[in-house]
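To start, the structure itself, in structure tokens.
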């Protein structure tokens, strides 16, 4: 959807909304940067570096995740930016790289730059998800199919569901079929994290950024499974689910490394890995159950599968969260500078 043109260059609604959100995020980072005690000019350096790096890494992530498909279209596809295709986790890597370069140039603590960017990142994610409705993405199952008793998808015997045929419950796809608006809970999750990060008391440097990544990854495993648009699928698992799982393990390991040596207990870490494997196993089993590939679970309707999957992802969050709390305790500004 084109909003307007600058000469011969079209400006798309989605791109325009994301650009405005990025501008708002950078203004927000001026506030969070002061809160983190960053020197003057640090946010400016981050803005200069983050805009191209987030954009290019998001594009590179998408192309690498679809390498076979991209190679069939030629390497030049990477530079056809208006053709669409960006990976949020690639953008996150670009943001982390921008924070690292900013810290080197401005001579500021890397973790503190990351924390200053955490709340603005949550704002940008929320805006990006909401903007997906302008390009026909972010939708889930067809509402009519979901409540059709013959389809055996839902346990809820709802006969009159006309109320759902409107925003914010649903959006129409290319064929004008009403589908659940999955982008909305994704955006709301990011907005909740935005409020939480802004209200959170000062913790050890790096804590805010890791908390955002942890919560986002745990929630995205479920949301990614619900999406029925142009998701990247490897075998029977969505690529973003794998990236989310790796992110969760990464937060666990970083939190373990940041914990004081006298508080580390190997038994606790190994138990956490076992819990993560069990929860991940439940998610995988539910993915098979959604496709009716496990005979003894054929009785489970999709809404039950998603409920169990959500419980498993809650288990992932509750497994890693105590490690994060020990590694990043509430601290004073002076203690933060020493830590």
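The values are calculated or read from the model by the stated rules, or taken from the named source; none is laboratory data. Remember, it's a predicted structure, so these values are computed and weren't measured experimentally. Backbone-built Cβ (ideal geometry, glycine too); neighbour counts: all protein chains shown.
Scanning the range 190-211 for residues that are closer than 18 Å to residue 25 by Cβ, over 9 Å from the mean Cα position of the chain (by Cα) and part of a helix (DSSP H, G or I) gives 191, 192, 193, 194, 195, 196, 197, 198, 199, 208, 209, 211. Within the option set 299, 270, being in a loop (DSSP other than H, G, I, E, B) and without any contact (Cβ under 8 Å) to a residue 40 or more places away in the chain holds for one residue only, 299. Is it the case that residue 253 is modelled with pLDDT of 95 or more and buried (at least 22 other Cβ atoms within 10 Å of the Cβ)? No, not satisfied. Between 157, 168, the distinction of being in a loop (DSSP other than H, G, I, E, B), within 22 Å of the chain's Cα centre (by Cα) and without any contact (Cβ under 8 Å) to a residue 24 or more places away in the chain belongs to 168 only. Taking the numbered list (1) farther than 19 Å from residue 220 by Cβ; (2) in contact (Cβ under 8 Å) with a residue 12 or more places away in the chain in turn, residue 319 passes all entries but (1). Given the condition outside any loop (DSSP other than H, G, I, E, B), touching a strand residue (DSSP E or B) at 6+ places or on another chain (Cβ under 6 Å) and at pLDDT 85 or above, answer yes or no: does some residue in the range 318-335 qualify? Checked the range 318-335: at least one residue is outside any loop (DSSP other than H, G, I, E, B), touching a strand residue (DSSP E or B) at 6+ places or on another chain (Cβ under 6 Å) and at pLDDT 85 or above. Among the residues of the range 63-94, those that are under 22 Å from residue 238 (Cβ atoms) and touching a residue at least 40 places away in the same chain (Cβ under 8 Å) comprise 65, 66, 84, 87, 88, 89, 92, 94. Taking the conditions exactly as written (out of contact with any helix residue (DSSP H, G or I) (no Cβ under 7 Å at 6 or more places or on another chain), modelled with pLDDT of 90 or more, assigned to a helix (DSSP H, G or I) and buried (at least 16 other Cβ atoms within 10 Å of the Cβ)), does residue 184 satisfy them or not? For residue 184, the condition - out of contact with any helix residue (DSSP H, G or I) (no Cβ under 7 Å at 6 or more places or on another chain), modelled with pLDDT of 90 or more, assigned to a helix (DSSP H, G or I) and buried (at least 16 other Cβ atoms within 10 Å of the Cβ) - is met. Does residue 229 satisfy the criteria of being assigned to a loop (DSSP other than H, G, I, E, B) and either touching a strand residue (DSSP E or B) at 6+ places or on another chain (Cβ under 9 Å) or more than 23 Å from residue 32 (Cβ to Cβ) (or both)? Yes, satisfied.
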